[in-house]
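Structure first, commentary second.
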Amino acid sequence: MTRRKIQYWVIPPEADFEFVASMENVLETYALPYDPRLPVLCMDEQPVQLTKEIRVPIAATKNHPRRPDYEYERAGTACIFMFTEPLAGWREVTVRQRRTKIDWAKEMARLLLGRYADAERVILVCDNLNTHTMGAFYEAFPAAQARDLVRRIQFCFTPKHGSWLNISENELSSLTRQCINGRRFPTVQVLGKETAAWSQHSNDTQRSVDWQFTINDARTKLMSLYPNS
């Protein structure tokens, strides 16, 4: 029996008005010059399976890598929240047990009242998940506080099947490859400590994100997406 290689891909729809409109809105947002009063912030999430060792791993030696046992114990799940400000060359990872509307709203409030306390508004690039809503703030905070937070966010949603347009998804991919793959994290606290170290190292060593795909590029290279092309 011959096995064929399969590569999973995000396939965008053809001739879709809504996809094109959302895509160009995101690309136009990425083309804005840096403005600390109106920063562009990208965010994305990723679930992680927590696992515990059931036997003490064999320590690494000069001739052998660290050798954990192939068996492990499941220890629940966690959710990574990735926040990226492309033009500032800044990213931050936080970890929560869940990713409910309240979890998301509290993470956003923390940034709005902390790092972005002096910003007039934050342009938020994210996917159109049912937890990323204005109503989430009203679920998490009293109405007056929720309104103050909501009016300081300008949502910019990526289109369905267009997650590649979210810079935070690229950052999550790097985090997964460089920090998470091949490792076991027994608790939310351990996962949070390790991912925080990764984001700090990345901030110390990387510059701003150089996003080069523009609206003109999209209209040339992705013509099949445009219904009237």
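The values are calculated or read from the model by the stated rules, or taken from the named source; none is laboratory data. Everything numeric here is computed off the predicted structure, so don't read it as measured data. Cβ atoms come from the backbone with ideal geometry, glycine included; neighbour counts cover every protein chain shown.
Of the residues Ile153, Ile102, Ile167, which is at pLDDT 95 or above and farther than 18 Å from Cys42 by Cβ? Steps first, please.
Details: Ile153 fails: farther than 18 Å from Cys42 by Cβ; Ile167 fails: farther than 18 Å from Cys42 by Cβ.
Answer to the check: Ile102.
If the requirement is being modelled with pLDDT under 70 and among the basic types (Lys, Arg), which of these qualifies: Arg3, Arg74, Arg37? Don't jump to the end; show me each part of the working.
Working: Arg74 fails: modelled with pLDDT under 70; Arg37 fails: modelled with pLDDT under 70.
Answer to the check: Arg3.
Being of a type in the set (D, E, K, R), modelled with pLDDT of 95 or more and in contact with a helix residue (DSSP H, G or I) (Cβ under 9 Å, 6 or more places away or on another chain) narrows it down to one residue among Glu120, Glu92, Glu107; which is it?
On the way: Glu120 fails: in contact with a helix residue (DSSP H, G or I) (Cβ under 9 Å, 6 or more places away or on another chain); Glu107 fails: in contact with a helix residue (DSSP H, G or I) (Cβ under 9 Å, 6 or more places away or on another chain).
Only one candidate qualifies: Glu92.
Assess whether Arg110 counts as being among the basic types (Lys, Arg), part of a helix (DSSP H, G or I) and out of contact with any strand residue (DSSP E or B) (no Cβ under 6 Å at 6 or more places or on another chain). Walk me through how you get there before you give the answer.
Numbers: among the basic types (Lys, Arg): yes; part of a helix (DSSP H, G or I): yes; out of contact with any strand residue (DSSP E or B) (no Cβ under 6 Å at 6 or more places or on another chain): yes.
For Arg110, the condition - among the basic types (Lys, Arg), part of a helix (DSSP H, G or I) and out of contact with any strand residue (DSSP E or B) (no Cβ under 6 Å at 6 or more places or on another chain) - is met.
Is it true that some residue in the stretch 11-30 is within 16 Å of Gln154 (Cβ to Cβ), modelled with pLDDT of 90 or more and assigned to a strand (DSSP E or B)?
Scanning the stretch 11-30 turns up no residue that is within 16 Å of Gln154 (Cβ to Cβ), modelled with pLDDT of 90 or more and assigned to a strand (DSSP E or B).
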